[in-house]
Amino acid sequence: MRENTKTVHIGDRVIGGGNPILIQSMTNTKTQDVEATVAQIRELTKAGCEIIRCAVPDMEAAKALSEIKKQIGIPLVADIHFDYKLAIAAMEHGADKIRINPGNIGSTERVRAVVDCAKERGIPIRVGVNSGSLEKPLLEKYGGVTAEGLVESALDKVKLIEDMGYDNLVISIKSSDVMMCVRAHELIASQTDHPLHVGITEAGTITRGNIKSAVGLGLILGQGIGDTIRVSLTGAPIEEIKSAKLILKTLGLRSGGIEVVSCPTCGRTQIDLISLAGKVENLVEQYPLDIKVAVMGCVVNGPGEAREADLGVAGGIGEGLLIKHGEIIKKVPEEMLLDALREELEHWGE
């Protein structure tokens, strides 16, 4: 369980030991393009990203981390594959944490060189294992990719690093198979006290990926497992942050931010509810309030549901009721409903 895991410092942030679950994403810019990478990280930070990872495929990218680090305000993680020299260079150029799969770094000596550098600098290592990179002996042992195989692979790599005298580690075991991923986390949580980075890898496009991530992360985090998360989507990284925040809030693991509830459309709907609800969702992102806003489409359930919220609208024929703290405060033409909500949010708490 989360409160029983070790604490790990990533830059000025802390995970594990019952600390709040932190949201991660990964840039999709070329890391060596410092200007574009910094711009994206700043956008993600504003949206709620708390740890950012950058791909380091070559030495130019590793060296760029120094300049990137100077211009951002959240911890920077270097994503390393195959070349141990890139892991060392990334740490030398300011990475707050590195992500490696020791299985593709090479010989034990090369892994040791990375571990020694991390130990010297006090930099945590995220040991990452994906279902697509499971070693051949484990595939043969378990008859293919299984939760048990993923856990054994991860724990073998953790032991390798621990035997080198370093335990400042975070573990990541990911699969695109949601239920296999859930099972793997249930297994590993009972076998290690290292903090866990949780995600459903290669989840898919915005719709499919969000559903798979919400189900998988919900089942894992709901059991008290997981210390930091990434929602992996084939889309703009900012969508990952929005989804992660909503998943955590839905599970009661994060508060703050305006929650928007809206009804499904039906034949009773008298206003353009779909358009209005979308505009309200975009609108509320500007306000750091911890309230519930309801957008309801008709006079049957609308007023009752809107009264349950802190602020809401209930649609009528070309118009709507504006409801605040359960009381109808005015009737507004449909085209002015969004402006009426904005006006209330601007002066909320006054």
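The values are calculated or read from the model by the stated rules, or taken from the named source; none is laboratory data. Given the structure is predicted, the values throughout are model-derived calculations rather than measurements. A quick note on method: Cβ atoms are made from the backbone with ideal geometry, for glycine too, and the neighbour counts reach across all protein chains shown. Accessible surface areas use protein heavy atoms only, side chains included; no ligands, DNA or RNA. Shrake-Rupley method; radii C 1.70, N 1.55, O 1.52, S 1.80 Å.
Just a few scattered comments:
- Qualifying residue in region 243-266 (condition: over 22 Å from the mean Cα position of the chain (by Cα) and more than 30 Å from G216 (Cβ to Cβ)): yes
Quick grid of which residues meet (1) over 26 Å from S213 (Cβ atoms); (2) open to solvent by 30 Å² or more (accessible area, probe 1.4 Å):
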| residue | (1), (2) |
| --- | --- |
| K136 | yes, yes |
| E140 | yes, yes |
| L150 | no, no |
| D156 | yes, yes |
| E162 | yes, yes |
| D167 | yes, yes |
| I173 | no, no |
| D177 | no, yes |
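- Selection from region 179-230 of residues that are touching a Ser or Thr at 6+ places or on another chain (Cβ under 8 Å), part of a loop (DSSP other than H, G, I, E, B) and not hydroxyl-bearing (S, T, Y): D193, H194, P195, G199, I200, E202, A203, G204, D227
- When region 221-240 is filtered for residues that are hydroxyl-bearing (S, T, Y) and either under 9 Å from the mean Cα position of the chain (by Cα) or crowded, with 23+ Cβ neighbours inside 10 Å (or both), the ones remaining, listed by number, are T228, S232.
- Out of R126, R112, R121, R183, sole residue that is within 28 Å of E240 (Cα to Cα) and out of contact with any Lys or Arg (no Cβ under 9 Å at 6 or more places or on another chain): R183
- Qualifying residue in region 21-31 (condition: part of a helix (DSSP H, G or I) and either at positive phi or open to solvent by 10 Å² or more (accessible area, probe 1.4 Å) (or both)): no
- The residues listed here are G103, G143; of these, the one that is free of Cβ contacts under 8 Å to residues at least 60 places away in the same chain and on the phi > 0 side of the Ramachandran plot is G143.
- Scanning region 32-57 for residues that are part of a loop (DSSP other than H, G, I, E, B) and charged (D, E, K, R) yields D33, E50.
- Considering region 333-345, and only residues there that are out of contact with any strand residue (DSSP E or B) (no Cβ under 7 Å at 6 or more places or on another chain) and either touching a residue at least 12 places away in the same chain (Cβ under 8 Å) or on the phi > 0 side of the Ramachandran plot (or both), the residue that is most open to solvent (accessible area, probe 1.4 Å) turns out to be R342.
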